[in-house]
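All remarks here apply to the structure that follows.
None of the figures in this text is laboratory data; all of them are computed from the coordinates on show. Every value quoted in this text rests on a predicted model; they were computed, and no experiment measured them. We place every Cβ from the backbone using ideal geometry, glycine too, and count neighbours over all the protein chains shown.
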Amino acid sequence: MKPRTRVFVTFSILVMIIVGLYFFTDWFSKVTGYVLGEDEKIKLAQCLDGKNAVLYISSTCPDCDKQRELFGEEAFKFISYFECKSIEECPDLKGVPAWKINGEFYYGKKSLGSLQKISGCGVE
């Protein structure tokens, strides 16, 4: 293989790797919710609080812990939540974690981006 062809092939492969990493990290950030910085997490939590959103959780629920961790300690202070210690305390729920936003229930751990879309917080 000629040196010029070898350089071109190597350069093309490097460009494809860089583009692939960019798209993967962008996708990963959106899926995990880490696309938002700490200030944005606090703003989202405050907006959810302003819309009277409630997070229903249980102390025995691993996804509830993950939802809390997603916000971080500072932002979670602004989240209104109710801990369901027994089924009788939360008879209307199908499971936890559950968000009640604008009168509707959303079940399962939600990414911060999903919460923005559901609530209208942070959507321009």
Next item on the list: Tell me the label-point distance for the pair residue 16, residue 38, using the 7 Å Cα-to-Cβ offset, in nm and rounded to one decimal.
Entry: 4.1 nm
Next item on the list: Would you order 56, 107 from fewest to most other beta-carbon atoms within 10 Å of each residue's own beta-carbon?
Entry: 107, 56
Note to self: Compute for segment 36-119: radius of gyration divided by Kirkwood radius, i.e. Rg/Rh, restricted to C-alpha atoms, rounded to two decimals.
What the structure shows: 0.94
Item checked: Fewest-first sequence of 4, 68 by Cβ atoms within 10 Å of each Cβ -> 4, 68
Margin query: Under a Cβ-only charge scheme (Lys and Arg +1, Asp and Glu -1), can you give me the dipole magnitude of the chain about the Cα centre, in debye to the nearest 20?
Written below: 860 debye
Next item on the list: Return the calculated 222 nm mean residue ellipticity for the chain, to the nearest 500 deg cm²/dmol, obtained by summing -39500 (n - 2.57) across DSSP H runs with n ≥ 4 and dividing by the residue count.
Entry: -17500 deg cm²/dmol
